[in-house]
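The values are calculated or read from the model by the stated rules, or taken from the named source; none is laboratory data. These numbers were taken from a predicted model, which means no experiment stands behind them. We place every Cβ from the backbone using ideal geometry, glycine too, and count neighbours over all the protein chains shown. Surface accessibility is based on the protein's heavy atoms, side chains included, excluding ligands, DNA and RNA. Shrake-Rupley method; radii C 1.70, N 1.55, O 1.52, S 1.80 Å.
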Amino acid sequence: MSTAQHLDTVLLLCSREFPAEHGRWDGGFCGPGYHMAELAVSDGFGDGDCSQVLEAREQYEAECAALSERLTKRWGPAQPVSLYSLLHRSLGHGEEIPEPWHMLSTRVQDAELWRTGERWVVLGGSPWSEESPFQLLAAVTDVDPP
């Protein structure tokens, strides 16, 4: 998908009503107070080919940066946030983290946030480990970051 298509998906999520129940749609996940889109997901890297991993990392970082630039033009500078502490609070201390923040924290380490009206737009694109697939995720939520 192109940056323009990713932006269209984010804008579509901004305009949608949130569902009453958690579920999956053909492009991601949704539930009370959120929509999440898997904009791009790489294959796994089980064979350990470093050049393939580096190439994929560069591609996903470029896609994330291009979309971030478009979102910044629309809503101003992003607020960077590390999601590691949410995962640690959830797994290490048993704290219940609300969705979509819990799901995001299990998929990406860092994210960028924009505030648009009563909603947050979240963009993340880094894997937790080299064995994990690269993901470019976008979420729209009215749930404040914990």
Hey, can you tell me all the residues within segment 68-93 that are of a type outside the set (D, E, K, R), open to solvent by 90 Å² or more (accessible area, probe 1.4 Å) and in contact (Cβ under 8 Å) with a residue 24 or more places away in the chain? Gln79, Pro80, Tyr84
Meets criteria (under 17 Å from Trp120 (Cβ atoms), at pLDDT 90 or above and among the basic types (Lys, Arg)) for Arg24: no
Could we say that Glu131 is at pLDDT 85 or above, open to solvent by 50 Å² or more (accessible area, probe 1.4 Å) and out of contact with any helix residue (DSSP H, G or I) (no Cβ under 6 Å at 6 or more places or on another chain) here? no
Qualifying residue in segment 45-58 (condition: over 14 Å from Leu123 (Cβ atoms), out of contact with any Asp or Glu (no Cβ under 7 Å at 6 or more places or on another chain), touching a residue at least 40 places away in the same chain (Cβ under 8 Å) and part of a loop (DSSP other than H, G, I, E, B)): yes
Would you check if Glu112 is assigned to a loop (DSSP other than H, G, I, E, B) and within 18 Å of Gln135 (Cβ to Cβ)? no
Could you count how many residues in segment 94-109 are surrounded by 17 or more Cβ atoms within 10 Å (Cβ to Cβ) and either in a helix (DSSP H, G or I) or of a type in the set (Ser, Thr, Tyr) (or both)? 6
List pairs: first residue in segment 18-40 and closer than 25 Å to Ala4 by Cβ, second residue open to solvent by 20 Å² or more (accessible area, probe 1.4 Å) and part of a strand (DSSP E or B) anywhere in the structure, Cβ distance under 6 angstrom, at least six positions apart or on different chains. Gly28/Glu38; Cys30/Gly23; Met36/Phe29
What pairs can you find where one residue is in segment 132-143 and over 18 Å from Cys50 (Cα atoms), the other is surrounded by fewer than 23 Cβ atoms within 10 Å (Cβ to Cβ) and among the polar types (S, T, N, Q), and their Cβ atoms are less than 8 Å apart, with a gap of 6+ or different chains? Ala138/Thr9
Can you tell me which of Cys30, Cys14 is assigned to a strand (DSSP E or B), at pLDDT 95 or above and more than 15 Å from Ala111 (Cα to Cα)? Cys30
